[in-house]
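Participant: The structure is given below, and queries will be raised subsequently.
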Amino acid sequence: MQNHGLKRSLGFIDVTCLGINNVVGAGIFLLPGQISGFAGYNAVWVFPVCGILCFVIALCFAEMGGRYHATGGAYLYAREAFGPFAGFLVGWMMWLASIIGWASVASGFSLYAAYFLPTESLWVSGALTTLLVGGLSAMNYFGVKPGSGAINFFTVGKLLSLLIFVGVGLFFIQGNHSLTTTEDRGWQTGPYGEGNFHTAIIMALYAYTGFEFIAVPAGEMRHPRRDIPRVLFFVLVAVTGLYVIIQIVAAGTSPSLTASDKPLADAAQSFMGRAGGVLIGTGALLSIGGVNAGIALTSPRSLYVLSADGFLPGIFSKLHQTYRTPYWGILLNAVLTLALSLTGSFKYLIAASVMVSILQYIPTCLAVIVLRRYRKEQEGGYMIPGGYVVPVAALVICGWLMYHVELKVIAATALAIVLSLPFYFQRRQHANMLCIGQRKGQGRGGLNNP
């Protein structure tokens, strides 16, 4: 696979920070209370189970990341295993999901920041969103290293606040206060039916999505075949351990955890006072800001690969002569993200991000099986032990997850796929016309040059 001229400047530390930042987002600051409400005493086991489920799927990404060292991630794996059409669909959904996801977290950042401002108004919120999206896009315009540097800063900042939370909170645990369930409080349980352990698992899985994007900027990593598997393993193990300790501290220090919409901030305030709430609030801002920085880095690369492979106009794969970044793709992503963030019309589509994640998982798990059988000559990186047991188990997990997706989310995803089809068939028609032209040229050449 070719690198298309991208500069390889991401080391192991950069990739690790990118992975942690992709996974540890705003969810851990919001989910512990709801998870305790659904699972009660068993809430402490929710994150380990989720970690195991995601780890099985991540093993497939680790093997595929060990096979290839080009930019693309799940798009690249689907294209190599099943052809350009499957690759295009996965790549399109990856890019669309990143745009919607970025718009969502950018808007969330401005809304959360409003709590720290003396006034709450629409123009302030819009200005914060514009500054965030524009600033991160500018960083990535000047090269992947500044963008990864911003991610490293946000990652260290939010991890520091979380580590202080658990380091201090462990000394104030008085017992598990999260004994009430959703039925006891009269909560609406949403699309998953009655509150129970399974519902808590589905909810907690949202806190793990993002690990699949670790392999996307492989074309800008120094040692992708070595680093991608190592980072995937390290990130999922470390994040699961962190989530478990956070859940224990939150449940053991906050009597009103299950009724709180900002459980970590309220828990921190209960044992550290107002300063603790401000600390966790700041950590939440850094966390959401870090997610913004991560998507700002990876999203234009998804667009870049689709363009470089001829599915979208070539201008989006054009690299800056000095910084070697896809600057037109960065600009388009910034414009679309701002449009969605400032209008707010994107919010009903955000649930489709879960479905899109599953659509990336399934082709990657299948690709492990297909490429092992038909592309043995490309082996040489990490390989999952146990034959096909792990990829088959990963497919079963994906099927279980899809079973819990709402019909309206499936319909929205299907609509997004339909909207992408004209781009693919236009590209294929253009390629066919080029082939016909080449044949005619060869025929005339044969007549004129015997």
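Participant: Largest first, how would Arg274, Arg67, Arg225, Arg324 line up by accessible area (1.4 Å probe)?
Facilitator: Output order, biggest surface exposure first: Arg274, Arg225, Arg324, Arg67.
Participant: Sort Val249, Val105, Val392 by accessible area with a 1.4 Å probe, largest first.
Facilitator: From most exposed to least exposed: Val392, Val105, Val249.
Participant: Same structure again: What residues qualify as long-range amide H neighbours of Leu10, i.e. H under 5 Å apart, gap of 5 or more or another chain, H built at 1.01 Å from N?
Facilitator: Those lying under 5 Å, H to H, from Leu10 are Met221, Arg222.
Participant: Report ³J(HN,Hα) in whole Hz for each residue of region 225-234, in order, from the Karplus equation J = 6.51 cos²θ - 1.76 cosθ + 1.60 where θ = phi - 60°; Gly and Pro get x.
Facilitator: 5, 7, 7, 4, x, 4, 5, 4, 5, 4
Participant: Given labels modelled 7 Å from the Cα in the Cβ direction, how far is it in nm from Phe12 to Leu415?
Facilitator: The two pseudo-label positions are separated by 4.7 nm.
Participant: Now a separate question. For Tyr327, Tyr403, Tyr208, write out the residues from largest to smallest accessible area, computed with a 1.4 angstrom probe and no ligands counted.
Facilitator: The ranking, largest first, comes out as Tyr403, Tyr327, Tyr208.
Participant: Probe of 1.4 angstrom, ligands and nucleic acids ignored: what's the accessible area per residue over region 250-328, in square angstrom?
Facilitator: 33 Å²
The values are calculated or read from the model by the stated rules, or taken from the named source; none is laboratory data. Only a predicted model underlies this, so the values are computations on that prediction, with no experimental measurement involved. Every residue, glycine as well, gets a Cβ built from its backbone with ideal geometry; the counts of neighbours run over all protein chains shown. For accessibility, only protein heavy atoms count, side chains too; no ligands or nucleic acids. Shrake-Rupley method; radii C 1.70, N 1.55, O 1.52, S 1.80 Å.
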